[in-house]
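S.K.: Quick one: the structure is below, questions incoming.
Bear in mind these aren't lab numbers, they're just calculated from the coordinates by the rules spelled out. Computed from a prediction, not measured in an experiment: that's the story for all the values here. Here the Cβ positions follow ideal geometry from the backbone for every residue, glycine too, while neighbour counts run over all protein chains shown.
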Number of protein chains: 2
Amino acid sequence: MAEEIGDRAQHLLKVLVESYIRSGQPVGSRALARDSGLDVSAATVRNAMADLEELGMVSSPHTSAGRVPTNRGYRMFVDSLLTVKPLSEREIITLSGQLGVDGSNQELATSVSDYLAGMTEMAGMVMIPRTAKRSSLRHIEFMPLSGRRILAILVINEKDVQNTVIKVDRQYTSAELQQAANFLNNELAGHELFDVRHRILKELRETKDGMEQMMHQAISMAEQLFVKPESEADSDDFVLSGQTRLMGFDELSNIEKLRGLFEAFNEKQQILQLLDRCLDGDGVQIFIGEESGYGVLDECSMVTSSYQVDGEVLGILGVIGPTRMAYERVIPIVDITAKMVSAALAQSK
Amino acid sequence: MAEEIGDRAQHLLKVLVESYIRSGQPVGSRALARDSGLDVSAATVRNAMADLEELGMVSSPHTSAGRVPTNRGYRMFVDSLLTVKPLSEREIITLSGQLGVDGSNQELATSVSDYLAGMTEMAGMVMIPRTAKRSSLRHIEFMPLSGRRILAILVINEKDVQNTVIKVDRQYTSAELQQAANFLNNELAGHELFDVRHRILKELRETKDGMEQMMHQAISMAEQLFVKPESEADSDDFVLSGQTRLMGFDELSNIEKLRGLFEAFNEKQQILQLLDRCLDGDGVQIFIGEESGYGVLDECSMVTSSYQVDGEVLGILGVIGPTRMAYERVIPIVDITAKMVSAALAQSK
DNA sequence: TTTAGCACTCGCAATCTTAGAGTGCTAAAC
DNA sequence: GTTTAGCACTCTAAGATTGCGAGTGCTAAA
């Protein structure tokens with residue numbers, strides 16, 4: 001069935017997609033023949049179109065409209081036909097100017113997301129997996145609350161603070177908690193989170209007996225802090241900005257669709273699962289339409305890239321926009337942004 | 001000009017608004033005569049409508065449509081014509097069930113906002129002024145960062161944590177910072193924020209000389225933490241939920257309007273300024289259409305109420321929806337919610 | 001394999017029509 | 001003076017009709 005696509009058909013597909021991305025209008029055979037640069041007639045183009053249609057690369061909205069690329073057509077386009085424009089010097093400079101290295105990861109993520117949204121005129125996003133492997137524990141602090149609850153404050157890396165309320169078996173005094181925190185800081189501070197988790201589990205196993213009561217309790221508190229979150233592989237930090245720009249696109253003028261999309265943004269869950277899938281991949285990755293498996297992303301594409309330090313993936317960033325987007329511009333933007341974020345993080349280390 | 005409105009005209013306005021809120025359709029004279037309960041003919045109603053139109057209470061979309069209330073008409077309606085339905089027992093129980101007292105204020109706000117959104121099928125919002133008067137400082141902690149920066153962690157009230165990065169004149173060691181924190185905790189912990197600010201300024205004035213170097217520095221750090229934020233009367237905590245529900249209303253099916261609205265939600269600034277204005281008011285307050293002065297709220301109304309403890313206003317909560325909303329239902333919901341939140345907060349004190 | 005020619009299909013926009021709803025006004029009735 | 005009935009008038013929303021333009025698919029010839 002899936003026959004080989006001839007060189008000419010490929011070229012025509014490329015020109016068609018480019019034209020459609022530019023104008024948003026179905027492309028007819030006459031116009032395509034003209035723009036293709038090839039010296040062929042419209043009729044020949046029509047034959048090629050018939051082939052492409054059979055292969056599911058293009059389709060007509062109706063009998064006498066031109067052709068429009070299908071998701072599969074877009075896929076072929078970005079995979080093997082696209083010619084990427086490098087970014088201009090100026091644009092790169094703008095970005096590097098925006099990347100302040102101080103401020104928390106949160107702030108960095110926000111500014112990067114804004115930048116992506118601004119440059120592409122679409123929605124930008126940045127994910128920081130909370131359990132980023134490179135994170136190391138800096139400091140633990142406990143504070144008693146009313147009724148058997150304790151406020152735990154974790155300082156992670158340089159400047160990220162996390163606080164959690166944990167429940168314990170009885171009331172503790174400030175002094176006791178201080179002692180527990182000291183103990184844990186001694187044991188755990190400076191180690192990577194991954195490591196911390198390990199140590200806690202190990203200690204738990206080893207200390208069934210003959211250990212000071214206090215340590216025992218301290219470790220069980222730490223367990224609540226570090227071990228549970230792993231199983232709830234839930235909310236990573238996730239910044240999304242410029243969503244409202246998506247309301248400007250015709251293909252999303254259907255309110256129902258838009259609503260679904262914004263609900264998905266609010267949920268975060270779905271989007272995050274999707275982004276998780278990108279964590280392994282290298283370089284820029286693209287989801288076209290509902291390839292992602294999420295109906296709400298029907299008319300949308302995501303262009304993402306991971307950013308990393310020392311070859312280790314720290315997170316994902318990218319943009320969301322209509323399927324009909326200027327890939328040849330968006331892809332290098334996402335690519336470069338990811339690289340510059342990687343560089344900035346490496347430097348601030 | 002603004003002549004007195006007759007009793008009958010008032011009654012007719014009331015019935016008209018109710019009918020319009022129910023159906024969303026302009027109300028004609030015949031239907032209004034029928035529904036009014038009055039024993040008058042359509043012609044009489046027409047005369048009354050002509051009067052109301054002259055007073056700016058109603059208007060016709062076009063010559064041969066019925067009448068629609070204007071903002072002014074709505075205003076009159078909610079101010080003096082509305083009969084409020086009390087909430088059913090069941091609904092109140094649902095709410096009190098949802099109000100968990102544990103968890104941070106953030107979490108409380110989120111759950112209240114969700115509740116409002118769910119009950120009214122519109123968008124819910126809760127504001128917690130960051131500088132809430134009743135807040136008292138619990139604990140301060142410093143941690144050195146690279147390059148003359150210090151991470152400050154404030155625990156406020158029971159369970160709210162705030163962290164800020166401050167810049168200082170030189171590097172400090174952990175020990176020095178510990179000392180400074182101890183000093184500040186001794187001086188300030190347990191006091192209300194308002195008080196804290198006062199004390200810092202006082203100390204600053206008094207300690208020009210003859211004070212230990214260290215205290216001096218500690219106080220100037222504290223100044224950065226507590227005094228500056230007051231001038232930037234910027235971001236209070238603000239939770240908004242169920243925005244996407246607004247996309248379901250016909251009057252907001254205009255994408256441009258919707259976009260403006262959602263951009264305002266993202267900015268927060270504008271909405272917050274608006275809510276600030278409610279802080280003084282007592283009980284339920286209502287903004288109809290662009291009464292607020294913000295064009296983006298054109299076809300929307302806000303129903304808000306403050307919540308308080310010991311007679312002191314802590315924040316604002318409410319809902320946003322289309323001007324054409326079921327006020328007689330929404331108002332008691334907002335009212336009761338505010339009261340229950342107030343009660344819950346008083347109890348958790 | 002490519003091309004020209006031609007009949008055919010379809011959507012879109014403009015125009016017209018009709019039905020229905022509701023008004024404003026006037027003159028009579030209470 | 002207020003209320004009512006009657007009537008002409010206006011306006012919209014929803015179909016129906018039309019013509020145009022764009023583009024296709026097919027066939028037969030180059």
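S.K.: Stick to the Cα atoms of the range A:137-231, pair each with every other, and give me the Kirkwood hydrodynamic radius in Å at one decimal. Mind showing how you got there, number by number?
M.R.: Numbers: mean 1/r = 0.0746 Å⁻¹.
Here the Kirkwood hydrodynamic radius works out to 13.4 Å.
S.K.: What does the net charge come to around residue A:257 if you take all other residues with beta carbon closer than 9 Å to its beta carbon, with K and R at +1 and D and E at -1?
M.R.: Values: positive: A:259; negative: A:251, A:256, A:298, A:299.
Once all neighbours under 9 Å are counted, the net charge is -3.
S.K.: Still on this structure, I have one more. Net charge near residue B:321, counting Lys/Arg +1 and Asp/Glu -1 over other residues with Cβ under 9 Å of its Cβ?
M.R.: Values: positive: B:245, B:324; negative: B:121.
Overall, the nearby charge balance is +1.
S.K.: Next up: Assume the label is 7 Å from Cα along Cα to beta carbon: what separations in nm does residue B:237 have to the matching positions in the other copies?
M.R.: Its label point is 1.8 nm from the equivalent points in the other copies.
S.K.: While we're on this one: In nm, one decimal, shortest first: how far is the label point of residue B:37 (7 Å from Cα along Cα to beta carbon) from the matching points in the other copies?
M.R.: Those separations, rounded to one decimal, come out as 7.8 nm.
S.K.: Using alpha carbons only, how many angstrom separate the centre of the range B:19-72 from the centre of the range A:62-117?
M.R.: 54
S.K.: Can you give the FRET efficiency for residue A:277 and residue A:343, using 1/(1 + (r/R0)^6), R0 = 22 Å, r = Cβ-Cβ distance, to the nearest 0.05?
M.R.: Details: r = 25 Å, r/R0 = 1.13.
Efficiency, from the Cβ-Cβ distance: 0.30.
S.K.: Note down the nm distance, to one decimal, between modelled labels 7 Å out along Cα→Cβ at residue B:167 and at residue B:93.
M.R.: 5.9
S.K.: Follow-up. Subtracting the Cα-Cα distance from 0.36 nm times the residue separation, let me have the gained length for residue B:47 to residue B:178 in nm, one decimal. Mind dumping the intermediate values first?
M.R.: Values: separation 131, 0.36 × 131 = 47.16 nm, distance 7.94 nm.
So the extension gain works out to 39.2 nm.
S.K.: Looking at chain B as a GNM with Cα springs under 10 Å, which of B:309, B:40, B:58 has the largest mean-square fluctuation?
M.R.: B:40
S.K.: Then there's this: Given springs between every Cα pair under 10 Å in a Gaussian network model of chain B, which of B:332, B:69, B:61 has the largest fluctuation?
M.R.: The residue that fluctuates most here is B:61.
S.K.: In the Gaussian network model of chain A, springs joining C-alpha atoms below 10 Å, which of A:46, A:205, A:277 carries the largest mean-square fluctuation?
M.R.: A:205
S.K.: Between residue A:223 and residue B:54, what is the spin-label point distance in nm, taking each point 7 Å from the Cα along the Cα→C-beta axis?
M.R.: Going from the residue A:223 label point to the residue B:54 one covers 8.2 nm.
S.K.: Taking only the alpha-carbon atoms of the range B:1-76, what semi-axes of the equivalent ellipsoid follow from 5 times the gyration tensor eigenvalues under a square root, in whole Å, largest first? Walk me through the intermediate numbers first.
M.R.: Numbers: eigenvalues 50, 43, 29 Å².
Equivalent ellipsoid of the range B:1-76: 16, 15, 12 Å, largest first.
S.K.: Against the globular-protein guess of 2.2 N^0.38 Å, express the Cα radius of gyration of chain B as a ratio, rounded to two decimals.
M.R.: Details: Rg = 26.1 Å, N = 349, 2.2 N^0.38 = 20.4 Å.
Ratio of Rg to 2.2 N^0.38 Å for chain B: 1.28.
S.K.: Per residue, how big is the convex hull of the range A:242-344 when only Cα atoms are used? Give it in Å³.
M.R.: Working: hull volume 10.0 nm³, N = 103.
Each residue corresponds to 97 Å³ of Cα convex hull volume.
S.K.: Tell me, rounded to the nearest percent, the portion of alpha carbon pairs in the range B:43-182 spaced more than 18 Å apart. Could you put the intermediate results ahead of the total?
M.R.: Working: 7274 of 9730 pairs.
So the portion of pairs separated by more than 18 Å is 75 percent.
S.K.: Using a cut-off of 15 Å between beta-carbons, work out the net charge of the residues near residue A:118 (Lys and Arg +1, Asp and Glu -1, residue A:118 not included).
M.R.: The answer is -1.
S.K.: Label position 7 Å from Cα toward Cβ: report the copy-to-copy distances for residue A:251 in nm, one decimal, ordered from shortest.
M.R.: 3.4
S.K.: OK, next. I want to verify the translational diffusion coefficient of the protein assembly as shown in µm²/s; compute it with Stokes-Einstein, Rh as the Kirkwood radius over Cα pairs, at 20 °C and 1.002 mPa s.
M.R.: On the way: Rh = 29.7 Å.
Roughly 72 µm²/s, to the nearest whole number.
S.K.: Magnitude of the Cβ-charge dipole of chain B, K/R +1 and D/E -1, about the Cα centre, nearest 20 debye?
M.R.: With only Lys, Arg, Asp and Glu charged at Cβ, the dipole is about 400 debye.
S.K.: Please give, to one decimal in nm, the separation of the simple spin-label points placed at residue B:270 and residue B:64, each 7 Å out from Cα toward the Cβ.
M.R.: The answer from the label model is 3.9 nm.
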